[in-house]
Every structure is written in C-alpha cells, then in structure tokens.
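See structure below.
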Amino acid sequence: MSSRSLKIIGVAAAALLLASCSTPSSSSSPGAAESTDGGVAVVALSDEPDTLDPTIANTFVARVVFTSMCEKLYDANENLEIIPQLAAELPITSADGLSVDIPLREGILFNDGTPFNAEAVKTTLDRNITLDTSSRKKELAAVESISVVDENTVRLTLSQPFSPLGAQLADRAGAIMSPTALAALGDDFGTDPVCVGPFDFTDRVAGSEINLAKSDYYYDKDKVKLDGVTYTFITDPNVRSANLRSGEVNAAERLNASDVETLETDQKVEVLKADTIAYQSLSINVDPALSASPLASNPDLRRALELSINRDALNDVVFNGQVTPDCAPLPLQMAYRPEDITCSKFDPDEATKILEESGETLPVPVELLIPARPTDQKSAEVIQQMANDVGFDVTIKPVEFVSALDAARAGQFEMFLIGWSGRIDPDGDLNDLVTTGGANNFNQLADPELDGLIAAAAAVTDTDERQKLYGEALDRLDELKANIYLYHDSWFLGLSGITGVEYSSDAIPRFKTASLTE
Amino acid sequence: MTRFILQRVITSVITLFLASIVVFIGARMLPGDPAQVLAGESADPALLEAIREQFGLNQPIWVQYFTYIGQALTGNLGVSTRDNIPVAEILLQRLPITLELAGLAILIGLVIGITAGVVSAVKRGTFVDYVATGFGLVGLSVPSFWLGLLAILLFAITWQVLPASGFVGFAEDPIGNLRGMILPATVLGIGLSAVLMRQTRAALLGQLSADYVRTARSKGVTRGREVSHALRNSLTTVVTVLGLQLGALIGGAIVTEQIFVIPGFGKLIIDAVAARNYPILQGAVLVAVTGYVLVNLLVDVAYAYLNPRMRLSGGSE
C-alpha cells in the first residue's frame, strides 16, 4: 500500500476517532442520575498490576491503568482499526517496507510539563529495544534503529517489512514516557511513571491501590471531569460484585457472567459487555514423544473430538449464553479475518464413526490439564461429558494456573484448556502460538507450511493480500487441528454511580470522559 | 525465672533460623517459575534470562539463601519482584494493618469467648448453656469466607450500615478505620471466641469442682467470689490456647483480608504465592513466624508467672 493511501486511511481513521468519541459503541449511559464534575472514581481491578513501566509491564491490569495515564502513539477503535493517538497520522511506510515515518502531534506536554516531541519518542523506543528486561524487545524485533527526522517526526528503520508495527505501537510499546522522568528514575521509572494522559500517577500502596489525579498538562483536559481515579485490587469476582452493589466501588471489571443477571436487577448498577478479542481453546500436544494419548499422532481423532463438542451448549451451560462460540483464533471484528470461515457442526454420530474406524481401542484416553479455576472446571466437565459420550475417556487434571503454564511450556500435558488475551493484529494471534519453536506454542506444532504463511502475511502491507494469506494459514491450521478453538470471551464491566465510561473490544475501561453521578 | 527465660529465648532463635531455611526452600519448591510469571504471555527466552539475572534466580539455591539471610540480618529483605518496592517497606505498611485486625479480633474473641464460657459453665445444663455451646459449635464449623460474604450481604448491601471493604488508616480517619474493621474483625474473632468459649467452659468446670473451691464454698464464700477464684486458675489454659490460636488467627486473616480487601499480611501472602514473588513471600512468612515465636515466648513467660511450678521445673513440664 502506498504512503498516499495510508495517509487517506489516516484521515479517515481520525474522522472515525472523532465519530467514535461522540457515539461510542459501548459506554455507560447517564440514566436518571445527574452527573457531577470532580470526585474520585474507585475502580476494582481483578488483580494487582505489575510494575507501571510500559517497557517492562506484562499484565492486562497494568494496561488498564496505563490507559488513564500513558497514551500511545496509536490506539485501536472498536473495529480493531489502528487510529492515531499521540501520532498525527498513521505510519507512512516506504515502498520497500523498510522505513516507517511517524508524524507526531504538536503542542503536547507530558504530565511533568516536559514537551512531547520526536526526541522523547526516540528515547522511549530506544529504551524499549535495548533494555535487558524489556518485554517490548520481541514486539519491536523488526526495528533496527530509530532516528529523529525533525521536531515532530520519527523514522523507524526495519530489518524486514513488518505490517504489525502499527498494532504494536498501539499497545505498551507505543506508550511514550517523559524523558525527564526516565533520566531521573532510570530502571525505577515504574515507581513514579510520567507519560501523556488524562490522569497523572500520584502514589501506589502495594497490594492495595494505585492513585491517579487529573493532569494539569493534558492536551484534552477540558473533557476530563473526574479529579482522579483510584484503582483498587479485588481478586475475588464475588467480592467485586458485592463492592459494586454496596457502592464501595464505581466500576468493577471482569465480573462473572453468572452474576450479570442478578446485577442487572439492581437499579444502581449498570453492566457493560465487551465481546473481546480473547479466545479459549483446547491445545492438544501433537508430539508423540511427549504425549501418550493417541490424539498426539492422529489428526482424525482430533477432528472427532472437535465434532463431539457442542460449542453452543458449552456457552449456554457455563456462560449463560454470554460468550461468542467460534472455531478460529481471529476475532469476528478483525478486518483480516477471512469472511468464509465455516465452523464444523456438532456431530456426535460422525465423531463416533471416526473413532470406530480409527482402529484405536475405545474409549480413547486423553488427560485434560486445566487451570484450577471455577469457570475452567465447569467448562472442562461439560467438554468431558460430551467427549466421553462419543468414545473418548477424558480425565480432568486441575492444576494451579502458574504451575499448569509451567507444565504446558515443558510439553508435559496431553490436552490443555488455555486462553489467549488476543491482539489487534492477526500476527499476534498466530505467530509464537502456532509457529515452530514459539514460546507459547504449547502443542509443539512444527509445520513449515504454516510458518511460511504466517511470516509472509506479516511482511505484506496490502490488506487484501494479508487477509488472503491469513485465510490460507487458518485453513492449514484447521487441517492440523492441534488447537480446537472454542469461543471468544465476553467480559463484563459493572458500574455504580458513574457515567461516561467507555468499554469496547479490548475490554479496557476508559475514564477520560467519565463523571460521577449524584 | 531468668534461666527459664534464657532457655526459651535460645530455643526461639534456633526455631527462627530453622524456619528461615524451611520458608526459603518451601517458596522455591512451589512449581512455577517466577520469571515466567513476570514475563506474562511474552515468554521470550532472552527476557526470562534477564529477569532471572535481575533477581538472582539463576544462582545456586544455597548462594541465594546465604545472600538473602546476610541481607536480612541487616534489615534488607530485598525488593518485590512485581513492582521493585523494597519488601521491608511493604511489610511495614502491612504489618500494622494485620496487627490491628488481629488485635480487634482477639479483643472480640476474648470478650465473647470468655463471657460465654463463664456463663455456660456457671449455668451448666441450662438453656443458656445449650445456647452457648451451640454457638461454640457453629463458630468452629462455619467457614470464615462464608461468614464474611454473609456479613457483607447483610451489613453492606442490604442494610448499608457498614462498608463492604476497604481500609482507611486510623490516623487518617479513626471512625472510618473502625467502621471498616468491625466486620472483618468480628468474622475473624467469632472463630477465636468459639475456641476460647469451649476452653474457658471446660477449664472453669474443672476448677469449680476442685477441692479448694468446695472448701471455700463450705466456708460460705459467695458464688461470685468462688467463680472469680476459679476463673483466675482457669486462665492459664485460656492464655496457652490463645497463644496457640495465633497461627489459626493468621490463617484466618488470610481469608478474611481477601474477602474484605484489607491490605494486610494475609492478602500479601496469598498474592505473593500467586505471583511467585519469593522476596515478599519469604519476608512476610518470616515476620509472621517471628511474631508467632515471640508470642509463644511471651505466653511461656506468662504461663510461668501464673503457674510457679513451670519455672521451678525449668520449663520441662
């Protein structure tokens, strides 16, 4: 795609951003209560964030906090399209795909008053690709160097064409840190982070809360109604619900799907739903040297297992019909997702037939490793019942999450019920997850054809061409059947005494335009 | 008495040293790599190695232990792997919160437990006794997480008289602090009161049937004075049980703090286990063990004071 067409998309995307600001797809409604300026919103997160250093941070909840205090070069809208945030336009890629210019917005200040400019962006991106403990290194692996073109333009030189770059810069890799704070704090930046954002970090009480206050330097501060946001950490979803109902917190993320009906009967509480890009799957170990189950070496048996699972029934029984059943890792709202994906229908008779014709001794044994969490336990039991009905013998092995992940990364499992939080670019949903030697390739898949398709798709910039390549990659993935994709998660945000909160596909609540209600 | 105390102090120091080894090794026996937890979904081998290097996790375990213990003796307990905040700073923030919670829970437990135990013993075989012993049974049987959620449902959601969660420092807002602490302290104290009630009742009944009480009764001592004498002698058992219950109290605090979102020691330990945050886990458990050992040392001393036979036998009883 030429730089001209990218510019046109940039203008269109900026227009879309403006439109989306005025009519968000999923935001809290004012209701009968009057909204007020000022006050501090209390938000219950489902876990405690790790360090508040965008170069190092890895938790989802840290991303939630960053959204209030660390804006990025790019953001994603509800259709997962990249839109400029601190950048002035979409990235302008050279004809050979090896040079990317990023024009920046002018007249912006960090929350400590430091000017935001190309030098500041270079400082952050250099740190992201050089710091030993940087979690962004791999995300920006294609970036060879960063240079300042002028006061408001940076140039990224790439080692190979890399289309997912915009998406990477719409995540933590694109969160720009104040060079003044970086110089003062160095590796301890996360203890007192300073970026560009509607709110500024005030303090953190370890294990308890993170406090942010409205920024005086924010370029769009007229839209910010709250005096501050306090993020508190409540790990138990039942306790988060109770605190929401009692009015102790104004917003609670990731509520239980099973609690939604009850919460919606409470007049003070509003529940917003995000059909997320995250997915859940059954990851099957396909290395016979590591897995004793016949599924490891026989794709037909894996196909029979998929045919035995009724995704709609799983949705109804475990999630009250609230998730989106699907058979592909790419979410439905993603532009690169092929339009012709057809999931195989639940067909227990066909599954039984395949098993009987396979020559295996029935029932076919397989051990299902699951993280020891109530929802996963329920899902596993439903899957076990369905699979056992057609001739499998599924045994469930619940293990504490970190230990389960450890076992899975070592290949010590036969089948693993595991999710992925999803990425806005398809490369992030496939590369490293199903490619040979990938750190998250639990099922030990090693298929050169699939690797080649995923690598080729990341290197082309044309949308149609990328979509075609991802279509072929998904077809190949379906043939291999190393993963049985089950559904895309829906997450729920509960609100009480607050309005104007934005919530969409990335499941990150945004409080920039929120206000408390009387 | 001095020799007795010295003996107990030496035993306590040895216990603490052994506990430090157990805590250190125990933390590392947990399956799951802390570097993997910190790296999250991005499990890049180079990043994992850099994290292990940063926190010294790639050193042999004995090197890690002696480095840790050497630093710990100077008051440096390392930094939290999650957010790089010094462990000592975090513990100093959390310890007073759990101490306040435990103190209030003990107060509630003592008031309810001893009162109910005395009433139950004095009114043995009556309706009041059945109610008190029934309370003891329920208090011991009901899990604190259930009691906690029930308390939130009733007091915070239905009647809205107390907050469901949260903690405000006493110095910052004394009323707010006590309002936030009432429910968790009561939930924690009820379990303790049930144990104390049963112990008080049993000990007091034993004393009330002792020869010296019968003699006093035959000499016309009032019922109140009779109970007062017997109660003082019963308290040695109650004090010992109270010391032993400290472990249960810390265990109970872990659950209670999770439910009421009290940023104390219990919540800290649970979060540290989930995150494989070794420095926090070691520091918190070591401080808890130190507290437990110190309280039992004090209980031993108090016991020796209340029961002279203890110090005469040098604690070998």
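The values are calculated or read from the model by the stated rules, or taken from the named source; none is laboratory data. Owing to the predicted nature of the structure, the values given are computational and were not obtained by experimental measurement. A quick note on method: Cβ atoms are made from the backbone with ideal geometry, for glycine too, and the neighbour counts reach across all protein chains shown. The protein model used for the area step is the full one, side chains on, heavy atoms only, and it has no ligands, DNA or RNA in it. Shrake-Rupley method; radii C 1.70, N 1.55, O 1.52, S 1.80 Å.
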List, in order, the whole-Hz ³J(HN,Hα) value for each residue of segment A:139-154 obtained from phi through the Karplus relation with A = 6.51, B = -1.76, C = 1.60 and θ = phi - 60°; use x for Gly and Pro.
5, 10, 4, 6, 7, 8, 7, 10, 9, 9, 7, 8, 3, 10, 9, 10
In square angstrom to the nearest 100, the accessible surface buried at the B/A interface, both sides summed with a 1.4 Å probe, amounts to 3100 Å²
Residues of segment B:72-88 that become at least 30 Å² less accessible with every protein chain present than in their own chain isolated, using 1.4 Å: which are they?
B:R82, B:D83, B:N84, B:I85
I'd like the accessible area for A:S258: 1.4 Å probe, protein heavy atoms, all chains in place, Å² to the nearest 10.
60 Å²
Which angle between 0 and 90 degrees, to the nearest 10, do you get for helix A:60-69 versus the longest principal axis of chain A when only C-alpha atoms count?
20 degrees
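With +1 on the Cβ of every Lys and Arg and -1 on the Cβ of every Asp and Glu, and nothing else charged, how large is the dipole of chain B about its Cα centre, in debye rounded to the nearest 20?
On the way: 21 positive and 17 negative charges, 386 e Å.
Here the size comes out at about 1860 debye.
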Please enumerate, by chain and number, the lysines with C-alpha under 23 Å from the C-alpha of B:K123, excluding those fewer than 8 residues away in the same chain.
B:K219
Crossing angle, helix B:127-141 versus chain B [Cα axis fit, 0-90 degrees, rounded to tens]
10 degrees
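Please tell me the relative contact order of segment B:118-164 in percent, rounded to the nearest whole number, where contacts are Cα pairs under 8 Å and at least six residues apart.
Details: 20 pairs, mean separation 8.6, N = 47.
Once divided by the residue count of segment B:118-164, the mean separation gives 18 percent.
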Most mobile of B:K219, B:K267, B:K123 in a GNM of chain B (Cα contacts under 10 Å)
B:K219
Choice from B:S165, B:S218, B:S120 with maximal GNM fluctuation in chain B (Cα, 10 Å cutoff):
B:S218
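I need to check one value: relative contact order of chain B, counting alpha carbon pairs closer than 8 Å and at least 6 residues apart, in percent. Mind showing how you got there, number by number?
On the way: 364 pairs, mean separation 84.4, N = 317.
Relative contact order, chain B: 27 percent.
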Ignoring ligands, DNA and RNA, the residues of segment A:423-441 whose accessible area with a 1.4 Å probe is reduced by 30 Å² or more relative to the chain alone are A:A439
Given unit charges at Cβ for Lys, Arg (+) and Asp, Glu (-), the dipole magnitude of segment A:277-490 about its Cα centre in debye, nearest 20, is 520 debye
Distance (nanometres) between label positions extended 7 Å along Cα→Cβ at B:N307 and A:A183:
7.0 nm
Nearest 10 degrees, 0 to 90: what angle lies between the long axis of helix A:374-390 and the longest principal axis of chain A (Cα atoms)?
30 degrees
Prolate/oblate/rounded label for segment A:277-490 (Cα gyration tensor, a/c 1.5):
rounded
Could you give me the ³J(HN,Hα) list for segment A:85-100, computed from phi with Karplus coefficients 6.51, -1.76, 1.60 and θ = phi - 60°, whole Hz, x at Gly and Pro?
10, 8, 7, 8, 9, 5, x, 9, 9, 5, 4, 7, x, 9, 9, 10
How many angstrom lie between the C-alpha centres of segment B:1-53 and segment A:408-482?
39 Å
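Can you show me the helix-derived [θ] at 222 nm for chain B, built from DSSP H runs with n ≥ 4 at -39,500 (n - 2.57) apiece and divided by the number of residues, rounded to the nearest 500.
Details: 13 runs with 242 residues, N = 317.
It lands at -26000 deg cm²/dmol.
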Straight-line reach check, A:K345, cutoff 19 Å on alpha carbons, 8 or more apart in-chain or any other chain, hits among lysines -> A:K353, A:K481
Accessible area per residue for the protein assembly as shown in Å², computed with a 1.4 Å probe and the full protein assembly in place, what is it?
42 Å²
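What size of dipole, in debye to the nearest 20, comes out for the protein assembly as shown about its Cα centre when the only charges are +1 on Lys and Arg C-beta atoms and -1 on Asp and Glu C-beta atoms? Don't skip to the end; give the middle numbers.
Details: 60 positive and 99 negative charges, 1122 e Å.
Computed about the Cα centre, the dipole is about 5380 debye.
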Taking the Cβ-Cβ separation of A:A455 and A:R373 as r and a Förster radius of 41 Å, what is the calculated FRET efficiency to the nearest 0.05?
0.75
Contact order normalised by residue count of segment A:291-383, Cα under 8 Å, 6+ apart, percent
40 percent
Residues hit by the 10 Å² burial cutoff in segment A:194-217, accessible area with a 1.4 Å probe, assembly against chain on its own, are A:R204, A:V205, A:A206, A:G207, A:S208
In terms of the charge dipole of chain B, which places +1 on Lys and Arg and -1 on Asp and Glu at the beta carbon, the residue among B:P96, B:I182, B:P163 farthest towards the positive end is B:I182
Measure off, as a whole percent, the carbon and sulfur share of the 1.4 Å-probe accessible area of the protein assembly as shown, all protein chains present.
58 percent
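Taking 27 Å as the cut-off for C-alpha to C-alpha distance, list the pairs among A:K273/A:K378; A:K273/A:K397; A:K397/A:K468; A:K512/B:K267; A:K72/A:K468 that go past it.
Numbers: A:K273/A:K378 21 Å; A:K273/A:K397 31 Å; A:K397/A:K468 39 Å; A:K512/B:K267 31 Å; A:K72/A:K468 30 Å.
Flagged as over cut-off: A:K273/A:K397; A:K397/A:K468; A:K512/B:K267; A:K72/A:K468.
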Which ³J(HN,Hα) values, rounded to whole Hz and listed in residue order, are derived for segment A:246-262 from phi using the Karplus coefficients 6.51, -1.76 and 1.60 in 6.51 cos²θ - 1.76 cosθ + 1.60 with θ = phi - 60°, glycine and proline given as x?
7, x, 5, 10, 8, 8, 9, 8, 6, 6, 5, 4, 6, 8, 4, 4, 5
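Helix-only mean residue ellipticity at 222 nm, chain A, DSSP H runs n ≥ 4 weighted -39,500 (n - 2.57), per residue, nearest 500. What is it? All intermediate terms of the calculation are to be shown ahead of the outcome.
On the way: 15 runs with 161 residues, N = 518.
The helix contribution divided over chain A gives -9500 deg cm²/dmol.
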